[in-house]
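To start, the structure under review is shown below, and the notes come after it.
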Amino acid sequence: MSKSRIEAFTDAVIAIIMTLLVLELHEPGAPTWTAFLNMEHKFIVYLISFVSLAIYWNNHHHLFQLVRKVDGWVLWANNFLILMMTLFPYVTAWVGDYPFSWPPQALYGLVTLGTDFAYYLLVRTLVRANGKDSQVGQLFRHYPKSYLSIGLAIVALILGKLIAPIAVLIVNVLILLMWFIPEKSIEKIL
């Protein structure tokens with residue numbers, strides 16, 4: 001299978017996920033700014049989730065520019081990444097309704113952790129399929145950014161449980177800042 005099929009499929013699914021994400025945002029209960037401002041937490045969580053999905057898409061796009069070969073393991077790893085991303089609309093809606101409650105924040109944190117882990121697995125399967133000496137293999141031989149993301153997602157869950165549930169979302173915003181600019185090394189190679 002060509003890599004373009006995986007890219008096209010992933011692009012389409014992420015576009016659908018982003019559409020579902022916005023459909024969970026319901027209009028304010030009245031035609032006033034006050035009614036809109038009363039929804040601020042829902043809108044903020046929506047923006048965080050939208051930016052998360054956009055960052056995954058940007059990095060996925062950059063990653064696949066280096067890829068020459070895909071195999072069945074890559075397909076399954078990519079599908080696992082998609083599976084985790086499809087949960088964002090659900091957990092976003094739940095956190096939007098209960099931003100200071102532990103169960104919604106915990107599930108949001110687990111989805112983020114799962115998505116980070118799925119991206120890591122995708123990178124590892126791409127390195128295996130393309131070889132350690134390939135461009136993708138050389139670039140991702142040591143990739144501390146991925147380990148740091150997974151570690152911080154775990155820290156977010158711990159802080160959310162021990163200190164305050166909202167810490168999950170706060171730490172995840174810090175992770176987003178780290179990934180906001182796609183991997184510059186890929187642009188240098190290309």
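The values are calculated or read from the model by the stated rules, or taken from the named source; none is laboratory data. Note that this is a predicted model, so its numbers are computed, not measured. Glycine gets a Cβ as well: all are built from the backbone with ideal geometry, and neighbour counts include every protein chain shown. Calculation scope for accessible area: heavy atoms of the full protein, side chains included, ligands and nucleic acids excluded. Shrake-Rupley method; radii C 1.70, N 1.55, O 1.52, S 1.80 Å.
Taking only protein heavy atoms into account and a 1.4 Å probe, give the accessible area per residue of the chain in Å². The partial results should precede the final answer.
Numbers: 10070 Å² over 190 residues.
Result: 53 Å² per residue.
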**Item:** Distance (nanometres) between label positions extended 7 Å along Cα→Cβ at residue 35 and residue 11
**Value:** 3.9 nm
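Evaluate the relative contact order of segment 1-148 (contact order divided by residue number), counting alpha-carbon pairs under 8 angstrom at least 6 apart; express in whole percent. Don't skip to the answer; put the middle values down first.
Values: 134 pairs, mean separation 41.9, N = 148.
Reported relative contact order: 28 percent.
If R₀ is 25 angstrom, what is the calculated FRET efficiency for the pair residue 79 and residue 54, using the beta carbon separation as r and rounding to 0.05? Write out the running numbers ahead of the final one.
Working: r = 20 Å, r/R0 = 0.81.
Here the calculated transfer efficiency is 0.80.
For an R0 of 35 angstrom, estimate the FRET efficiency from the Cβ-Cβ distance between residue 2 and residue 174 and round to the nearest 0.05.
Working: r = 37 Å, r/R0 = 1.05.
In this case the efficiency is close to 0.45.
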**Item:** segment 3-123 - percent of accessible surface contributed by carbon and sulfur, probe 1.4 Å
**Value:** 71 percent
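Where in the chain are the DSSP H helices whose C-alpha atoms run 15 Å or more along the long axis and whose mean Kyte hydropathy is at least 0.0?
Numbers: long enough: 3-23 (30 Å, 1.44); 40-64 (36 Å, 0.45); 72-86 (21 Å, 1.24); 102-130 (41 Å, 0.46); 144-162 (26 Å, 1.43); 166-179 (20 Å, 2.90).
Those that clear 15 Å and a mean of 0.0 are 3-23, 40-64, 72-86, 102-130, 144-162, 166-179.
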**Options 109, 82, 120, ranked by Cα towards positive dipole end of segment 60-165, top entry (Cβ charges)** = 120
**Estimated inter-spin distance, residue 98 and residue 145, nm [label 7 Å along Cα→Cβ]** = 3.5 nm
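Grab the other residues whose beta carbon is less than 15 angstrom from that of residue 50, score K and R as +1, D and E as -1, and report the net. Show your work: numbers first, answer last.
Details: positive: 42; negative: 24.
Cβ neighbours under 15 Å give a net charge of 0.
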**Message:** Solvent-accessible area of residue 19, probe 1.4 Å, all protein chains present, reported in Å² to the nearest ten, please.
**Reply:** 80 Å²
**Prompt:** Given a Förster radius of 25 Å and the C-beta distance between residue 128 and residue 158 as r, what FRET efficiency does 1/(1 + (r/R0)^6) yield to the nearest 0.05?
**Reply:** 0.20
